[in-house]
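One structure is given below, encoded as structure tokens.
The values are calculated or read from the model by the stated rules, or taken from the named source; none is laboratory data. Predicted model, so just to flag it, every value in this text is computed and none were measured. Glycine gets a Cβ as well: all are built from the backbone with ideal geometry, and neighbour counts include every protein chain shown. Note: areas computed on protein heavy atoms with side chains; ligands, DNA, RNA excluded. Shrake-Rupley method; radii C 1.70, N 1.55, O 1.52, S 1.80 Å.
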Amino acid sequence: MPMIENDEPASSSRRQHPSKGELQKRAILDAFGDLLTKGNFLELSVADIATAAGINRSNFYFYFESKYEVLGDLVAEVWDIWIERTGGVPRRAHESIEDYHDRLTNASYSTWVDHDAIMIAGMQAVSIDADIRRRWSALLESFVREYAHQLEMDTLAGVAKPCSSDYVGLATVLNDMSINAYYQDRLVKPQASETQRMLDNLRSVAFSAAWGIDPRRRNDDCGA
């Protein structure tokens, strides 16, 4: 009987399961995420996180320097979820301006709703910890660059008529406005009608400021 050759490295068959270290690091992230849903981020200590993760305090510091570093990793994970939900920042071929805006907004707001404890803590930590401020800013800047580029391309194509030719500045202001609105919404958790009112107003401002579209217009004749 001929032998069947296996080109897969032997080491790969031995790494079918996460290592102990990977499991412990994941336990810390999951425990911290769970604690954020139950209490104030600012009041949580490393000892609280270690206890919830089922490890001792010294083991925590083997993987993370502080609770802010754990939070930074959690925020980055949520950001990856948002990117996956959007399907990419660039406007798709034959996607209207309205559909483009709604795709990005629906992905953003649903991600905030599903991971509000992490995102609220991230917003609160930005003013306290320099490293998480740097990481948060880097994530936002990557989106702003792509959004500003799309706005510039649509302007050159005659599709958009923004209120400013400073595309990056305009994209930054609109993005900051949306993030702060989402933050307040998830902090207060108002009635659904108030949330919809907030989303409708964000939509109107974006249409008017970025695209030069009358916000009262519908999808019938905008953006090819």
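Screening the stretch 191-218 for residues that are assigned to a loop (DSSP other than H, G, I, E, B) and open to solvent by 80 Å² or more (accessible area, probe 1.4 Å) and picking the one that is modelled with the highest pLDDT gives GLN191. Scanning the stretch 111-140 for residues that are without any contact (Cβ under 8 Å) to a residue 40 or more places away in the chain, more than 12 Å from the chain's Cα centre (by Cα) and within 19 Å of THR172 (Cα to Cα) returns VAL126, SER127, ARG133, ARG134. If you go through the stretch 51-68 and keep only what is part of a helix (DSSP H, G or I) and either touching a Phe, Trp or Tyr at 6+ places or on another chain (Cβ under 9 Å) or of a type in the set (Phe, Trp, Tyr) (or both), you end up with ALA52, ALA53, PHE60, TYR61, PHE62, TYR63, LYS67, TYR68. LEU74 passes every criterion in (1) of a type outside the set (Ser, Thr, Tyr); (2) free of Cβ contacts under 8 Å to residues at least 12 places away in the same chain; (3) in contact with a Phe, Trp or Tyr (Cβ under 8 Å, 6 or more places away or on another chain) apart from (2).
Of the residues making up the stretch 40-61, those that are in contact (Cβ under 8 Å) with a residue 24 or more places away in the chain, surrounded by fewer than 19 Cβ atoms within 10 Å (Cβ to Cβ) and on the phi < 0 side of the Ramachandran plot number 3.
If you go through the stretch 162-188 one residue at a time, how many are more than 19 Å from the chain's Cα centre (by Cα) and closer than 16 Å to ILE120 by Cα? Adding up the residues that qualify gives 1.
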